[in-house]
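One structure below.
Rule-based calculations on the coordinates, nothing more; no lab input. Keep in mind it's a predicted model, so treat the numbers as computed, not measured. A quick note on method: Cβ atoms are made from the backbone with ideal geometry, for glycine too, and the neighbour counts reach across all protein chains shown.
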RNA sequence: GCCAGGAUGGCCGAACGGUAUGGCGCACGCCUGGAAAGCGUGUUCCCUUUCGGGAUUCUGGGUUCAAAUCCCAGUCCUGGCGCCA
């Protein structure tokens with residue numbers, strides 16, 4: 001959320017931000033009108049209240065001195081003021097509520113360094129890593145979803161049966177690989193001085209609002225204990241769409257000490273997303289699912305350090321891919337592709353050679369987004385009321401929040417299954433993960449279980 | 001789940017229904033050869049160019065001219081009892 005004062009004083013900058021981010025349905029001029037009227041009423045109400053306070057203390061004095069008549073007169077005057085005040089303040093409250101609601105729908109203003117653009121084609125590629133000395137791929141790389149079923153380590157059909165489309169079982173050596181990845185990532189980030197947090201998975205509406213998922217993006221999240229489209233209030237619970245929500249809100253409505261900063265938390269959690277309407281070849285397999293694991297990095301910093309920290313956060317997230325020797329690229333996201341809450345955002349996309357797609361690299365395959373690294377500046381801090389006190393005797397200021405996936409586990413699984421694939425259809429376990437798998441070097445898969453597997457043709461699932 | 005008690009500034013902690021006492025911490029100043037102590041001022045948010053004003057005792061309602069204080073509902077904390085992995 002932007003502050004009223006900021007919107008008031010930088011109306012043109014805000015207007016531009018709304019336009020560049022392609023946000024519709026926000027009437028800035030109306031917001032400014034409401035604000036102006038509210039301030040007028042606020043002044044009027046303050047004045048009435050001042051009068052009433054004076055009369056009120058007179059009443060107290062008269063009562064103490066036993067001057068009943070004078071007190072009665074004053075009480076009458078006070079009643080008149082009360083009625084007048086009621087009228088003015090009711091109207092002011094109404095406007096203020098409207099104003100707050102509208103402000104929540106204004107997107108964050110992009111940082112000046114953000115490339116201007118409409119959509120994903122306008123994102124700027126900053127650099128690529130890991131393409132110099134590539135792993136030797138098989139002639140034809142089998143897409144992970146096919147390989148996963150062949151090795152019986154990914155089972156989408158039974159996931160759909162048990163929970164619905166977009167849910168999956170990860171089995172045997174696949175599950176083991178996933179656990180290994182998670183433990184490996186957590187260890188990498190511990191080296192980078194991250195403090196672990198294992199958060200609650202349901203979060204309330206206020207938390208969702210604090211990080212910006214509500215009110216605009218309610219349809220993306222799973223609701224607990226209410227119908228999806230009921231009006232939501234503060235007691236409702238949602239399944240977290242990312243650990244960013246509980247971890248950022250952990251310090252909601254608090255004032256941190258200057259000495260506390262910077263705070264670096266990492267949180268492993270499953271993430272739940274409805275992903276309504278997202279189906280097709282690009283999302284097939286373990287790429288865009290309703291439940292997936294992720295290690296999230298969340299930083300709380302002093303405002304003057306947040307852009308330096310953004311670069312640090314990016315390299316901390318990259319470290320995971322560097323050590324796994326997976327090729328990837330880093331994108332500087334443009335205004336139109338950036339999202340509601342961010343002031344600046346980098347995406348890290350790993351190379352998955354299994355499916356050739358138009359926008360993939362020359363080597364074939366495709367890019368898969370595994371991490372978004374963002375600076376929210378004080379946008380979330382203001383929504384969530386997270387302050388710090390630069391000097392002990394001074395008033396509190398909003399701090400800056402940043403986060404980055406460090407990184408989305410399933411898509412790294414996809415990259416490993418496709419990039420470290422061998423001619424014989426086995427998968428080589430990247431070296432840094434072997435200690436987490438009891439030294440295992442190769443994933444060979446399992447014999448499938450059940451009648452449906454009998455008589456199945458070779459590789460033609 | 002039931003019963004009882006509680007929630008006041010960064011922290012501690014007062015306040016017969018009459019407009020939030022005081023201390024600690026922190027900052028600045030005075031004092032001092034220097035420091036400590038001592039003394040003084042300041043230390044939440046909003047509106048206002050200034051002067052100034054308003055709000056704020058967990059949250060939301062109610063009673064009253066007036067609520068930290070009384071009533072109702074809720075949230076969280078503490079203790080006791082029950083239930084249960």
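Below, the figures for the structure above:
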item: Order of A:452, A:374, A:315, A:269 under a 10 Å beta carbon neighbour criterion, fewest first; result: A:452, A:315, A:269, A:374
item: Peptides ranked, highest mean first, by Cβ atoms within 10 Å: ranges A:340-351, A:189-200, A:139-150; result: A:340-351, A:139-150, A:189-200
item: FRET efficiency, residue A:75 to residue A:216 (Cβ-Cβ, R0 41 Å, nearest 0.05); result: 0.25
item: Cα gyration tensor category, rounded, prolate or oblate, for the stretch A:120-450 with a/c compared to 1.5; result: prolate
item: Helix-only CD estimate at 222 nm, as mean residue ellipticity for chain A, using -39500 (n - 2.57) per DSSP H run (n ≥ 4); result: -12000 deg cm²/dmol
item: Relative contact order %, the stretch A:256-411, counting alpha carbon pairs below 8 Å whose residues are six or more apart; result: 29 percent
item: Fewest-first ranking of A:38, A:238, A:135, using other Cβ atoms within 10 Å as the exposure measure; result: A:135, A:38, A:238
item: Relative contact order (%) - the stretch A:4-103, alpha-carbon pairs under 8 angstrom, separation at least six; result: 36 percent
item: Ratio Rg/Rh, restricted to the stretch A:4-103 and using Cα atoms, in which Rh is the Kirkwood radius; result: 1.27
item: Tilt relative to chain A, helix A:11-20 - C-alpha long axis, 0 to 90 degrees, to 10; result: 20 degrees
item: At R0 = 41 Å, FRET efficiency that the Cβ-Cβ distance of residue A:193 and residue A:29 yields, to 0.05; result: 0.30
item: Ranked list, fewest to most other Cβ atoms within 10 Å of each Cβ, for A:6, A:379; result: A:6, A:379
item: Extension reserve of the residue A:358-residue A:56 stretch, reckoned as 0.36 nm per residue once the Cα distance is removed; result: 101.2 nm
item: Between helix A:409-419 and chain A: long-axis angle, C-alpha atoms, 0 to 90°, nearest 10; result: 30 degrees
item: Global geometry of the stretch A:260-354, whether rounded, prolate or oblate, following the gyration tensor of its Cα atoms and the 1.5 cut on a/c; result: prolate
item: Gyration tensor (Cα) of the stretch A:310-461, equivalent ellipsoid semi-axes in angstrom; result: 41, 18, 15
item: DSSP bridge orientation in the stretch A:120-450 - percent antiparallel, rounded to nearest 5; result: 90 percent
item: Cα gyration tensor shape of the stretch A:59-121, rounded if a/c is under 1.5, else prolate or oblate by comparing a/b with b/c; result: prolate
item: Euclidean distance between Cα centres, the stretch A:57-105 to the stretch A:381-434, Å; result: 52 Å
item: Contact order normalised by residue count of chain A, Cα under 8 Å, 6+ apart, percent; result: 19 percent
